[in-house]
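**Student:** Structure provided below as structure tokens; questions to follow.
The values are calculated or read from the model by the stated rules, or taken from the named source; none is laboratory data. Please read these numbers as outputs of a predicted model, since none were measured by experiment. When we count neighbours, we look across all protein chains shown, and the Cβ atoms used for this are built from the backbone with ideal geometry, even at glycine.
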Amino acid sequence: MTRGILGAGAYTPANRIPASAFEDAWGSFDAPGVETKAVPDADEDALTMAVEAARRALSAAGADGGDLESLSLATTTPPLAEEDLTPRLGSYLDAPADADRRFYGGHTRAGVDALVDALGREGPALVVAADCPAGEPDDTREHAAGAGAAAFLVGADAPATVVDTATAAEVRPGTRFRRSGSEDVEGLDVGTYDRAAFTEPIAAAVEALDDDATGECDAVAVQAPNGKLPYRTDLDAEAIAAVETVSELGETAAASVPLGVARAFESGHERTLAVAWGSGAGATALRIEGTAPVEASLAGEQKLDYAAYLRRRGDVVGEKPDGGAAHVPVPTWRRSLPQRHRHEAGRCPECEAVAFPPEGACPDCRALVEFETVAPARVGVVEAATTIGRGGAPPEFAEQQARQGAFGVAIARFDAGDGAVSLPIQVVGEAEVGDRVRAVPRRIYVEEGVPRYGLKALPEGQSSAD
């Protein structure tokens with residue numbers, strides 16, 4: 001029974017900064033071929049983008065998180081340097097607790113390596129690659145750095161199959177690296193040495209495939225540190241241009257090739273060559289035949305100037321104030337994660353009323369019962385709303401406000417089974433009574449060094465997962 005890709009999903013932040021904004025600020029833009037870059041909001045990171053892409057892949061394949069037997073996450077920019085992020089990802093998706101978990105990082109071909117490994121497992125396997133690299137403000141890698149995520153559901157009898165894989169490596173240190181304790185990608189920038197470190201492993205990996213991959217494939221998803229380097233390879237330039245994302249999203253590290261594969265599926269290409277590269281230097285090449293259903297939204301609606309871009313990065317934001325308006329210990333926060341990650345509600349078995357949170361006595365019949373789990377809809381309606389302006393945010397949210405601006409707080413009503421639940425929720429931006437909003441994964445705040453995640457309300461019409 002052949003395993004392959006059952007469905008794909010892709011997500012990018014709505015914010016975009018054009019190359020011209022860097023030219024105005026620095027006098028030049030040092031990322032050839034990049035026209036705009038995707039920029040995460042202050043409350044977005046690799047994990048929140050991974051959830052968005054994963055939801056889309058599951059939806060495209062007609063599956064849900066409870067079907068998963070394994071879950072893999074690949075990123076070079078985890079929000080914490082040491083912590084397994086797959087339990088949090090699985091919690092958002094309601095994946096089984098005994099599903100196999102794998103984390104991949106440390107180099108930009110991690111996303112494709114995770115996909116290759118998933119092909120060798122049994123049962124439905126979800127692979128997610130999400131990244132948002134950064135560099136020093138005047139560095140070429142920072143000028144190129146973008147953001148995005150892509151996910152694939154792998155399983156049997158798939159419409160898109162990986163018919164061949166190959167790897168190659170050659171020792172080439174110094175082309176791209178990130179020091180311990182640093183968030184910034186660096187490189188030695190040694191001209192021909194860097195080009196050879198990129199092109200030679202890629203050529204060797206492609207040559208190691210069984211067939212003439214370049215001659216047969218009409219789409220080539222290749223690693224793109226910028227918009228010029230992929231065309232320095234011997235791969236077909238037209239096939240590269242057909243599915244590249246770097247020109248509009250910037251350099252997306254471990255998500256670069258997965259995003260290209262998702263675009264190939266979206267465009268209906270039946271023969272795709274995927275080639276991921278990681279500094280060091282090594283490459284992994286895949287030949288994919290067929291196309292899988294895909295849900296993707298790579299458009300960006302919000303244009304940023306350079307000052308707003310620096311705010312989103314946190315480069316021009318002061319220190320977070322001490323204290324908190326309502327300290328919630330981590331153990332207490334953990335007990336409420338089904339509600340925070342999935343808005344999980346409960347149905348009373350006596351009167352069928354829906355309760356949120358699903359604890360204590362039934363709000364209607366007052367019976368002490370064991371509630372039946374109900375998953376509310378992700379789309380709801382605002383019943384009450386206000387806006388938290390500058391200086392009005394509790395200390396936990398002061399940094400977010402400084403980076404992202406005023407935000408709304410609302411009471412939103414979500415259908416849940418035969419009933420509905422109304423709950424308080426922070427809004428991404430602002431919303432008015434009667435607006436339709438979508439519950440999206442976001443970082444709520446950081447306390448005691450630990451990022452705390454939940455759901456926020458995004459007004460409909462803005463970019464998010466369905």
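**Student:** Output the number of the condition that PRO349 fails; it satisfies all remaining conditions of (1) touching a residue at least 24 places away in the same chain (Cβ under 8 Å); (2) in a loop (DSSP other than H, G, I, E, B); (3) in contact with a strand residue (DSSP E or B) (Cβ under 8 Å, 6 or more places away or on another chain).
**Tutor:** Status for PRO349: all satisfied but (1).
**Student:** Say whether the condition of being out of contact with any strand residue (DSSP E or B) (no Cβ under 8 Å at 6 or more places or on another chain) and either within 30 Å of ASP67 (Cα to Cα) or modelled with pLDDT under 95 (or both) is met by at least one residue in region 161-177.
**Tutor:** Within region 161-177, one or more residues are out of contact with any strand residue (DSSP E or B) (no Cβ under 8 Å at 6 or more places or on another chain) and either within 30 Å of ASP67 (Cα to Cα) or modelled with pLDDT under 95 (or both).
**Student:** While we're on this one: Quick check on ALA97: is it surrounded by fewer than 24 Cβ atoms within 10 Å (Cβ to Cβ), farther than 15 Å from ALA129 by Cα, modelled with pLDDT under 95 and of a type outside the set (D, E, K, R)?
**Tutor:** no
**Student:** So if I check each of ALA384, ALA377, which one is assigned by TED's automatic domain parsing to the domain that holds ILE444, farther than 27 Å from SER91 by Cβ and outside any helix (DSSP H, G or I)?
**Tutor:** Only one candidate qualifies: ALA384.
**Student:** Filter region 265-284 down to residues that are of a type in the set (A, V, I, L, M) and closer than 22 Å to PHE177 by Cα and give me whichever is modelled with the lowest pLDDT.
**Tutor:** If we take residues in region 265-284 being of a type in the set (A, V, I, L, M) and closer than 22 Å to PHE177 by Cα, then ALA281 is modelled with the lowest pLDDT.
**Student:** Right, SER336: at pLDDT below 90, under 30 Å from ALA151 (Cβ atoms) and of a type in the set (Ser, Thr, Tyr) or not?
**Tutor:** Taking the combined requirement at face value, the residue does not satisfy it.
**Student:** Another one. Within region 138-145, is there a residue that is touching a residue at least 60 places away in the same chain (Cβ under 8 Å), in the same structural domain as TRP277 (by TED's automatic domain parsing), out of contact with any strand residue (DSSP E or B) (no Cβ under 8 Å at 6 or more places or on another chain) and surrounded by fewer than 21 Cβ atoms within 10 Å (Cβ to Cβ)?
**Tutor:** Within region 138-145 (the criterion being touching a residue at least 60 places away in the same chain (Cβ under 8 Å), in the same structural domain as TRP277 (by TED's automatic domain parsing), out of contact with any strand residue (DSSP E or B) (no Cβ under 8 Å at 6 or more places or on another chain) and surrounded by fewer than 21 Cβ atoms within 10 Å (Cβ to Cβ)), the answer is yes, since at least one residue qualifies.
**Student:** Out of everything in region 173-193 that is hydrophobic (A, V, I, L, M, F, W, C) and more than 28 Å from the chain's Cα centre (by Cα), what residue ends up being nearest to ASP131 (Cα to Cα)?
**Tutor:** LEU188
**Student:** Yes or no: region 363-375 includes at least one residue that is within 27 Å of the chain's Cα centre (by Cα) and either crowded, with 19+ Cβ neighbours inside 10 Å or at pLDDT below 95 (or both).
**Tutor:** yes
**Student:** Could I ask something else about it? Go through region 213-262 and give me each residue that's within 20 Å of ALA54 (Cα to Cα) and touching an Asp or Glu at 6+ places or on another chain (Cβ under 7 Å).
**Tutor:** Correct list: THR252, ALA253, ALA254, ALA255, GLY260.
**Student:** Additional query: Being touching a residue at least 60 places away in the same chain (Cβ under 8 Å), in contact with a helix residue (DSSP H, G or I) (Cβ under 7 Å, 6 or more places away or on another chain) and more than 17 Å from GLY123 (Cα to Cα) is the filter here, so list the residues in region 56-79 that pass it.
**Tutor:** Once the filter is applied, which keeps residues that are touching a residue at least 60 places away in the same chain (Cβ under 8 Å), in contact with a helix residue (DSSP H, G or I) (Cβ under 7 Å, 6 or more places away or on another chain) and more than 17 Å from GLY123 (Cα to Cα), region 56-79 yields ALA74, THR75, THR76, THR77, PRO79.
**Student:** Right, another one. Among the helices (runs of 4 or more DSSP H) confined wholly to region 1-106, which include 3 or more residues that are of a type in the set (A, V, I, L, M, F, W, C) and not assigned by TED's automatic domain parsing to the domain that holds ALA402?
**Tutor:** The qualifying helices (runs of 4 or more DSSP H) are 19-26, 46-60.
**Student:** Can you tell me how many residues within region 171-196 are part of a helix (DSSP H, G or I) and either touching a residue at least 12 places away in the same chain (Cβ under 8 Å) or aromatic (Phe, Trp, Tyr) (or both)?
**Tutor:** Summing the residues that are part of a helix (DSSP H, G or I) and either touching a residue at least 12 places away in the same chain (Cβ under 8 Å) or aromatic (Phe, Trp, Tyr) (or both) in region 171-196 gives 4.
**Student:** Follow-up. Tally the residues that are surrounded by 16 or more Cβ atoms within 10 Å (Cβ to Cβ) and not aliphatic (A, V, I, L, M), restricting the search to region 165-185.
**Tutor:** Residues in region 165-185 being surrounded by 16 or more Cβ atoms within 10 Å (Cβ to Cβ) and not aliphatic (A, V, I, L, M): 7 in total.
Residues are listed down the side, and each one gets a yes or a no for (1) without any contact (Cβ under 8 Å) to a residue 24 or more places away in the chain; (2) under 25 Å from the mean Cα position of the chain (by Cα):
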site: ASP211; (1), (2): no, no
site: ILE240; (1), (2): yes, yes
site: THR252; (1), (2): no, yes
site: ALA255; (1), (2): no, yes
site: LEU259; (1), (2): no, yes
site: ARG263; (1), (2): no, yes
site: THR272; (1), (2): no, yes
site: GLY282; (1), (2): no, yes
site: ARG287; (1), (2): no, yes
